[in-house]
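Contents: one structure, followed by commentary.
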Amino acid sequence: MTLKEVKEILDAEVFVGHDQLEMEVRTAFGADLMSDVLAFAKSGSLLLTGLTNPQIVRTSDVLDIAAIIIVRGKRPLPETIQLAEELQIPILSTKYILFETAGRLYTKGIVGCLEKVSEKRDFL
Amino acid sequence: MTSYEGTNFKKSFPVQGKSFENAGHISSKVKALLQKMRLSNEIVRRASVVTYEAEINICSYAERGKILLRVTPKFLIIDAIDEGQGIPDIELAMKEGYSTATDKIRQMGFGAGMGLANIKNFSDTFRIISEVGKGTHLKMIIRIN
């Protein structure tokens with residue numbers, strides 16, 4: 001689905017990336033621990049998180065995350081918005097909690113960027 | 001270091017210690033550089049992740065530090081060298097879940113004791129040398145192909 005559809009499903013506010021809403025997304029990863037995002041999230045996925053600091057943008061840049069969805073109605077910090085604009089990573093904010101956000105996207109066809117963690121190293 | 005002879009790229013990046021203001025910007029630079037060298041997505045991803053975690057550690061704990069990137073035809077060698085408090089018990093520090101992070105570090109989404117474990121998992125070879133009161137040296141080697 002497009003990021004525009006994600007925005008509508010989540011009744012989300014767009015903070016960065018008004019011009020990138022046509023991008024296609026198929027997978028997502030949700031966590032507040034950036035070390036786990038680094039370990040498990042896949043490129044091209046949505047990042048669902050409750051954090052609002054610039055590290056969510058840095059982490060997304062390192063992994064080529066498609067867009068960031070901030071949950072629980074939080075708003076990105078000004079320095080987070082600035083960095084996201086610089087690196088051209090869209091940021092949306094939704095009032096839904098993480099569980100609801102994930103559930104609403106899942107029922108519309110977005111799946112996890114991986115189902116289960118594997119025993120062996122799995123880099124991509 | 002004779003086994004790494006034939007280095008065709010070498011660059012050192014200073015990292016500001018005890019500050020999150022620019023945390024991650026070296027990793028972004030390293031990633032862009034490696035992409036320009038047309039390394040595979042997997043290699044770029046792994047190198048970016050280990051650089052980022054190492055950079056976060058320097059920003060979290062050290063007074064100052066640097067990240068040294070070397071690229072040879074067969075290997076990527078990333079050294080993260082800092083002057084700082086050092087690690088008294090490396091075995092304990094390597095344990096998943098063990099952390100000495102402050103609230104500030106945790107608020108940034110780190111400090112859950114996963115950083116060094118991530119670095120180890122994403123490297124082909126990982127070595128850590130540390131001296132209390134002096135600093136820490138992480139060496140990460142990623143095989144290309």
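The values are calculated or read from the model by the stated rules, or taken from the named source; none is laboratory data. Remember, it's a predicted structure, so these values are computed and weren't measured experimentally. Because the Cβ atoms are built from the backbone with ideal geometry, glycine has one as well, and the counts that use them run over all protein chains shown.
Points worth noting:
- Any chance residue A:35 is within 14 Å of another protein chain (Cβ to nearest Cβ), buried (at least 16 other Cβ atoms within 10 Å of the Cβ), among the polar types (S, T, N, Q) and free of Cβ contacts under 8 Å to residues at least 24 places away in the same chain: yes
- Test: residue in the range A:47-54 that is in contact with a strand residue (DSSP E or B) (Cβ under 8 Å, 6 or more places away or on another chain), under 20 Å from residue A:114 (Cα atoms) and touching a residue at least 60 places away in the same chain (Cβ under 8 Å): no
- Qualifying residue in the range B:84-94 (condition: assigned to a loop (DSSP other than H, G, I, E, B) and within 14 Å of another protein chain (Cβ to nearest Cβ)): no
- Residues of the range A:44-53 that turn out to be at the interface with another protein chain (Cβ under 7 Å from one of its Cβ atoms) and touching an Asp or Glu at 6+ places or on another chain (Cβ under 7 Å), as a count: 1
- Filtered residues of the range B:118-145 (kept if under 24 Å from residue B:39 (Cα atoms), of a type outside the set (S, T, N, Q) and not in a loop (DSSP other than H, G, I, E, B)): B:119, B:120, B:122, B:126, B:127, B:138, B:139, B:140, B:141, B:142, B:143
- Some residue of the range A:68-88 being in a loop (DSSP other than H, G, I, E, B), away from chain B (no Cβ under 14 Å) and surrounded by 17 or more Cβ atoms within 10 Å (Cβ to Cβ): no
- Taking the numbered list (1) under 14 Å from the mean Cα position of the chain (by Cα); (2) at pLDDT 95 or above; (3) in a helix (DSSP H, G or I) in turn, residue B:33 passes all entries but (1).
- Output for the range B:15-66, where each listed residue is basic (Lys, Arg) and facing chain A (nearest Cβ under 9 Å): B:31, B:45, B:46
- Just one of the numbered conditions (1) more than 13 Å from the chain's Cα centre (by Cα); (2) within 20 Å of residue B:52 (Cα to Cα) is not true of residue A:4: (2).
- Selected residue (only one of B:114, B:140 is in contact with a strand residue (DSSP E or B) (Cβ under 6 Å, 6 or more places away or on another chain) and buried (at least 18 other Cβ atoms within 10 Å of the Cβ)): B:140
- The listed residue being under 30 Å from residue B:145 (Cβ atoms) and of a type outside the set (Ser, Thr, Tyr), out of B:91, B:53, B:63: B:53
- Screening residue A:56 on (1) hydrophobic (A, V, I, L, M, F, W, C); (2) more than 10 Å from chain B (Cβ to nearest Cβ); (3) buried (at least 23 other Cβ atoms within 10 Å of the Cβ) shows it passes everything except condition (2).
- Matching residues, the range B:117-135, being hydroxyl-bearing (Ser, Thr, Tyr) and more than 14 Å from chain A (Cβ to nearest Cβ): B:130
- Candidate set from the range B:98-133 (those that are hydrophobic (A, V, I, L, M, F, W, C) and touching a His at 6+ places or on another chain (Cβ under 8 Å)); member that is farthest from residue B:27 (Cα to Cα): B:129
- Sole residue being crowded, with 17+ Cβ neighbours inside 10 Å and within 19 Å of residue B:112 (Cβ to Cβ), chosen from A:30, A:17: A:30
- The set of residues from the range B:95-117 being touching a residue at least 12 places away in the same chain (Cβ under 8 Å) and not in a loop (DSSP other than H, G, I, E, B) comprises B:104, B:105, B:115, B:116, B:117.
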